[in-house]
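Structure first, commentary second.
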Amino acid sequence: MANAPVFTDFPMTLECRIKEKYDESETGYYLVAEIVNILVDEKYLAEDGNPDMEKMELIVFDPIHHSYIQLGEKVGNAFSDGKALK
């Protein structure tokens with residue numbers, strides 16, 4: 001693994017090992033990577049010690065509209081809410 005710099009100003013950093021690279025002509029390329037370590041600033045941890053995504057006020061890139069979107073509040077529970085729709 002490379003001795004890559006860590007972004008200490010970010011609430012959470014994922015350290016990854018690149019597994020595959022797919023070239024995409026004019027648009028660049030895509031990477032497939034394995035997460036090997038997760039670093040989280042303590043002020044963004046919930047009481048149970050896990051990362052609190054709402055505290056982090058995360059931003060994601062929307063490649064279709066070339067914009068950044070701030071993630072919002074929790075809207076449901078994975079693996080259980082959908083069962084009520086069956």
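Rundown of residues vs (1) within 22 Å of residue 4 (Cβ to Cβ); (2) modelled with pLDDT of 90 or more; (3) of a type in the set (Ser, Thr, Tyr), yes/no style:
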| residue | (1), (2), (3) |
| --- | --- |
| 19 | yes, yes, no |
| 30 | yes, no, yes |
| 38 | yes, yes, no |
| 45 | no, yes, no |
| 68 | no, yes, yes |
| 79 | no, no, no |
Checklist entry - Counting just the residues of the range 7-33 that are touching an Asp or Glu at 6+ places or on another chain (Cβ under 9 Å), in a strand (DSSP E or B) and not hydroxyl-bearing (Ser, Thr, Tyr), which one comes out farthest from residue 52 (Cα to Cα)? => result 19
Checklist entry - Residue check, residue 75 against (1) β-branched (Val, Ile, Thr); (2) over 27 Å from residue 3 (Cβ atoms); (3) surrounded by 11 or more Cβ atoms within 10 Å (Cβ to Cβ), all met but one. Which one? => result (3)
Checklist outcome for this item: Within the range 25-63, of all residues that are within 23 Å of residue 9 (Cβ to Cβ) and of a type in the set (Gly, Ala, Ser), the one surrounded by the fewest Cβ atoms within 10 Å (Cβ to Cβ) is 49
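The values are calculated or read from the model by the stated rules, or taken from the named source; none is laboratory data. Quantities reported herein were computed from a predicted structural model and do not represent experimental measurements. Quick reminder, even Gly has a Cβ in these numbers, built from the backbone with ideal geometry, and neighbours come from all protein chains shown.
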